[in-house]
1. Of everything in the stretch B:116-135, what is within 22 Å of the chain's Cα centre (by Cα) and either assigned to a helix (DSSP H, G or I) or over 18 Å from B:E196 (Cβ atoms) (or both)? Give them in sequence order.
2. What residue, among those in the stretch A:281-300 that are closer than 30 Å to B:V85 by Cα and open to solvent by 40 Å² or more (accessible area, probe 1.4 Å), is nearest to the other protein chains (Cβ to nearest Cβ)?
3. Quick one: in the stretch B:263-278, which of the residues that are open to solvent by less than 60 Å² (accessible area, probe 1.4 Å) and either within 14 Å of chain A (Cβ to nearest Cβ) or touching a Phe, Trp or Tyr at 6+ places or on another chain (Cβ under 7 Å) (or both) is modelled with the lowest pLDDT?
4. Return a yes/no flag: does the stretch A:273-281 have any residue that is modelled with pLDDT under 90, outside any helix (DSSP H, G or I) and within 20 Å of A:F32 (Cα to Cα).
5. Can you list the strands (runs of 3 or more DSSP E) lying wholly within the stretch A:132-184 that have 1 or more residues being among the small types (G, A, S) and open to solvent by 10 Å² or more (accessible area, probe 1.4 Å)?
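The values are calculated or read from the model by the stated rules, or taken from the named source; none is laboratory data. Just so it is clear, the model here is predicted, and its values are computed rather than measured. Cβ coordinates were reconstructed from backbone atoms using ideal geometry, including for glycine residues, and neighbour counts include every protein chain displayed. The protein model used for the area step is the full one, side chains on, heavy atoms only, and it has no ligands, DNA or RNA in it. Shrake-Rupley method; radii C 1.70, N 1.55, O 1.52, S 1.80 Å.
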Amino acid sequence: MFGWAIKSLLNQRASFAASVVGVASAFVLVLFFDAVWRGESVQIVSYIEHSNPDIWVMQSGVSNMHMASSYIWDWKADRIAEIEGVKRVTPILYLNTAIELGGVDYFGYVVGLPEGAARAGPWAISAGHAMPGAGEVVIPARFLDIAGIGIGDQVSIADSQLSVVGLSEGTYSIANPVFFMRYSDLSDILSAAGTYSYLLVDLQPDADPGQVVSRIEDEVEKVNAMTHEAFVASDFRMAMHMGVQILVVMTAIGMALAVVIVSFTAYTQVTRRQRELAIAKALGFRSRMIYLFVVYQSLVVTLLGYFMAIGCTYALVGWVPHWVPNVTLVMSSSSAVQLGASILTVAILSSLPAALRVARLDPVQVFND
Amino acid sequence: MVPSPLLNAFHLTKVYGSGQARVSAVDDVSMSVSAGELVLIMGPSGSGKTTLLSMLGALLTPTSGEVEIDGVRLGSLTASKLPAVRATKIGFIFQGFNLLEALTVEENILFPARLARGGVAAARGRAGDLIDRLGLAHRRTALPRTLSGGEKQRVAIARALINQPPIILADEPTGNLDSESGQEVMMVLHDIARDEGRAILFVSHDPRIEDVADRVLWLEDGALRDRRQDRHSWVRDPVCGMRVDEVTASVFAEYEGRNLAFCSQRCLERFQADPERYAAKLT
């Protein structure tokens, strides 16, 4: 039955190819949108990942950075610095806000760095310098392409004019490009003198991060301490969660399209092959065997469409950032595997309308010349 | 010793519709076909031949009456058992050949073998023998669309024989063949009945088959009747020159006020393609 099903598909190559391409298009929609969202989510946690302390400390009740606010009194940083196992504490002030570049507002992270901060600043610089002084700002280098803003240009953050002194790499995403300015300037803007947002804690070489987290939470009230890995995972989850509903809708649309296309293919195959299927019935094949013919064809079309979609999405993920530089795409093998796992369901669901037609086939029609 | 019938029909009736719309397609038909026997059912169009053949082939359930195939009464079987009867007890040959377009000659022949004991592997040697016997060795890997009508029907015959069924049911097996191919197919079937002891039942308009049939049954208005010789009206097919009975022929065309009968659709098509060429013969 399988051989006949394959040969029947290959016997009508144009229709077969069109079906595979149709199914692939639907799956590309699902995989590409997932890659867009995943890429953006990866960029959202890029700052946290590159800052890379052993422990993050923030206001109690806060467990992520994206779209969050956190305030900690400055004396708590001093307390934490004295806790056993702690080597160094780097405090930052942090704000989610609109930043005006060249007359256009961009939403972004603003990180206020204390003078001489050992970490928490930009990790790669393409022009200028990494540490901003008073009245200065370091912006993502991508804004040179997007807005034509570079070294020496002016940027407005909450009505404060700052001069661009550095262009940083790897700090751009659509949702949260990261801007670096002096702690004191951001503190003035926020009227938040004496407070920090996050504390980046480095540990002594032999200290256990889990134990130090417990000590910090025991000895300093109203703070939340998380290991670096836990904080990255929490922020990534939050970022992904914000897109879950959209992802679910897009996935549902893609899957529904795939079901419609494969159903149409299976139904068309049954309609075109109605006489041959009736012959098979007349020769003694049971309806369920003929139904297998339909399922095999649906499976082949769906699987080929799936693999074609993987290849196309992989190519798009490589090419699109060259054409649209402000988009970061990350193709996830787990998403591809999840989609692959749903293939069987798609193929079987798609075969149902054709199966009903198979069940109703009258083998007596073989006598009609 | 008279061989016992392989195919029996007892008071077969098939009724469609009800009340005023009630039509008896087949009306109280009883008949039998024994091993090695060729029986031809003839009759005018709409006489119920195909309905009768469908019931005898376990494709259609009779309204009343019973069919017995190789000792198995179909009425005693559930619907789910009938496909197995068709697969192992009956070989079908159709006017339209009904080959599977995507499969080669050999694959078409082996197609029903997966339903028989031993499957395709066990039938491969038998398929090779049939291919050789039916002169298809050079066409073994050909697709049906590349075959001539005669070759297609020989493939269909091989397919009908692959599971070694005791009964062959043939619906207009020469209907789409020219005179030479039709004759060739008839002789193959004749040999199969004689050499292998299979019961062969034909439904046909083709008077050539009468020459090889052991018995001819006349079906009219759904019932078997005595065939009246005065109902014959023999004419010549203007294309192939074959003798055609105007009473039973199903392929006609009107040309210059004359009603012409043809032995097959193929001859009609050839006539329509170039009527002047054949009109000369109409004197």
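1. Once the filter is applied, which keeps residues that are within 22 Å of the chain's Cα centre (by Cα) and either assigned to a helix (DSSP H, G or I) or over 18 Å from B:E196 (Cβ atoms) (or both), the stretch B:116-135 yields B:A127, B:L130, B:I131, B:R133.
2. Taking the candidates together, the pick is A:R286.
3. Per the criteria, the residue is B:S264.
4. Scanning the stretch A:273-281 turns up no residue that is modelled with pLDDT under 90, outside any helix (DSSP H, G or I) and within 20 Å of A:F32 (Cα to Cα).
5. Fully inside the stretch A:132-184 and qualifying: A:154-157, A:160-168.
Yes or no, residue by residue, for (1) within 25 Å of B:L130 (Cα to Cα); (2) open to solvent by 20 Å² or more (accessible area, probe 1.4 Å):
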position	(1), (2)
B:L177	yes, no
B:G182	yes, no
B:V188	yes, yes
B:D195	yes, yes
B:P207	no, no
B:D211	yes, yes
B:L224	no, yes
B:V239	no, no
B:V247	no, yes
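Let's see how each residue does on (1) closer than 30 Å to A:L283 by Cα; (2) assigned to a loop (DSSP other than H, G, I, E, B); (3) among the small types (G, A, S); (4) in contact (Cβ under 8 Å) with a residue 60 or more places away in the chain:
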position	(1), (2), (3), (4)
A:Y296	yes, no, no, yes
A:W319	no, no, no, no
A:N326	no, yes, no, yes
A:L356	yes, no, no, no
A:A359	yes, no, yes, yes
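Yes/no per residue for (1) touching a strand residue (DSSP E or B) at 6+ places or on another chain (Cβ under 7 Å); (2) in contact (Cβ under 8 Å) with a residue 60 or more places away in the chain; (3) over 24 Å from A:W56 (Cα atoms); (4) surrounded by fewer than 16 Cβ atoms within 10 Å (Cβ to Cβ):
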position	(1), (2), (3), (4)
A:A98	yes, no, yes, yes
A:G103	no, no, yes, yes
A:Y106	yes, yes, yes, no
A:Y109	yes, yes, no, no
A:P122	yes, no, no, no
A:G128	yes, no, yes, no
